[in-house]
1. Go through the residues of the range 182-192 one by one and say whether even a single one is free of Cβ contacts under 8 Å to residues at least 12 places away in the same chain and either farther than 17 Å from LYS135 by Cβ or in contact with a strand residue (DSSP E or B) (Cβ under 6 Å, 6 or more places away or on another chain) (or both).
2. Out of GLY136, GLY118, GLY142, report the one residue that is farther than 24 Å from SER67 by Cα and touching a residue at least 24 places away in the same chain (Cβ under 8 Å).
3. Can you work out which of the residues in the range 124-133 that are touching a residue at least 40 places away in the same chain (Cβ under 8 Å) and not aliphatic (A, V, I, L, M) is farthest from GLY111 (Cα to Cα)?
4. Only one of (1) assigned to a loop (DSSP other than H, G, I, E, B); (2) modelled with pLDDT under 95 is not met by PRO150, so which one is it?
5. Of all residues in the range 91-123 being under 12 Å from the mean Cα position of the chain (by Cα) and more than 22 Å from TYR149 (Cα to Cα), which is surrounded by the most Cβ atoms within 10 Å (Cβ to Cβ)?
6. Can you tell me which residues in the range 202-211 are more than 16 Å from the chain's Cα centre (by Cα) and either surrounded by fewer than 15 Cβ atoms within 10 Å (Cβ to Cβ) or among the hydroxyl-bearing types (Ser, Thr, Tyr) (or both)?
7. Which one is surrounded by the fewest Cβ atoms within 10 Å (Cβ to Cβ) among residues in the range 168-201 that are assigned to a loop (DSSP other than H, G, I, E, B) and of a type in the set (A, V, I, L, M, F, W, C)?
8. How about the range 41-60: which of its residues are surrounded by fewer than 21 Cβ atoms within 10 Å (Cβ to Cβ) and under 12 Å from ILE127 (Cβ atoms)?
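The values are calculated or read from the model by the stated rules, or taken from the named source; none is laboratory data. As the structure is a prediction and not an experimental result, all values here were calculated from the model. In this analysis, Cβ positions are derived from the backbone assuming ideal geometry, glycine residues included, and neighbour counts consider all displayed protein chains.
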Amino acid sequence: MLIRRSVLSIVAALAMLMPATTATAAGPASAAAAAKPMATRVFHGTGDSVVRMGIGRHSVLVIVTASSPQGLLVQPLSKGDVEGAYQVYESHAYSGTTALISTPYSLAVTGFSIRTAGPWTIKIKPISAAPLWRKGTKTGHGDMVFRVYPAITKLTPARLVFSGAEIGNFIVTPYVRGVSRGSLVNFLGTHTNKRVLLPVGTDLVSVVADGAWRLSR
């Protein structure tokens, strides 16, 4: 049974027993790259690691793959290596895209902590690199982030459909100019088919899903 946000005892034990390593970007790092945190950056590693980068207060896409069946924890770091809310919290191998959204009250992000038992890759991209949802139907499998273009100009009916092989999460969150409008659906189960209203101004949507999904408007 796959339940997102469940406590991963195996990964937690690894975090205590295995020393963390500091990952480096694929290819030589440069002062120019550090000065431009919005540029795409790719990091690779194995096991528990700390990735150092200067994201600051930019909103970015966090694209992660990890092959360990024992799970994955990813948390953003701020000054002093203070860990923030979980960016990814999985009890199995993972491949997906999430959004790290910055607000005027957000702490500047200096990197990420990664806890897993196997190899992993993390890619950071500007939020503008998210694929577009212009109209009609958007489909996918697993976690995804996409921009709504043009932004929603009036309350818009939409249908959200989810299908998972096992019990899992399905969470859909719209954003308006970088501000979350709350979850349109926060479901735990195997199947759901729900009618919702997309808020006025919606220009970004985050999907967290342990299975296949479809969004139609």
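1. To start, the set of residues in the range 182-192 that are free of Cβ contacts under 8 Å to residues at least 12 places away in the same chain comprises 182.
Cutting the leftovers down to either farther than 17 Å from LYS135 by Cβ or in contact with a strand residue (DSSP E or B) (Cβ under 6 Å, 6 or more places away or on another chain) (or both) gives us 182.
Yes, the range 182-192 has at least one match.
2. Values: GLY118 fails: farther than 24 Å from SER67 by Cα; GLY142 fails: farther than 24 Å from SER67 by Cα.
The conditions single out GLY136.
3. Here is the first cut: in the range 124-133, the ones touching a residue at least 40 places away in the same chain (Cβ under 8 Å) are 124-127, 129-130, 133.
From the residues that got through so far, the ones that are not aliphatic (A, V, I, L, M) too are 125-126, 133.
Working: LYS125: 14, PRO126: 15, TRP133: 29 Å.
The residue in question is TRP133.
4. Condition not satisfied by PRO150: (2).
5. Ranking the candidates gives ILE122 first.
6. Taking the range 202-211 and keeping what is more than 16 Å from the chain's Cα centre (by Cα), we get 202-203.
Once the filter is applied, which keeps residues that are more than 16 Å from the chain's Cα centre (by Cα) and either surrounded by fewer than 15 Cβ atoms within 10 Å (Cβ to Cβ) or among the hydroxyl-bearing types (Ser, Thr, Tyr) (or both), the range 202-211 yields only THR202.
7. At the first step, the residues of the range 168-201 found to be assigned to a loop (DSSP other than H, G, I, E, B) are 177-178, 181-184, 199-201.
Next cut, of a type in the set (A, V, I, L, M, F, W, C) only: 184, 200.
Working: LEU184: 20, VAL200: 13.
The qualifying residue surrounded by the fewest Cβ atoms within 10 Å (Cβ to Cβ) is VAL200.
8. Listed by number, the residues that qualify are HIS58, SER59.
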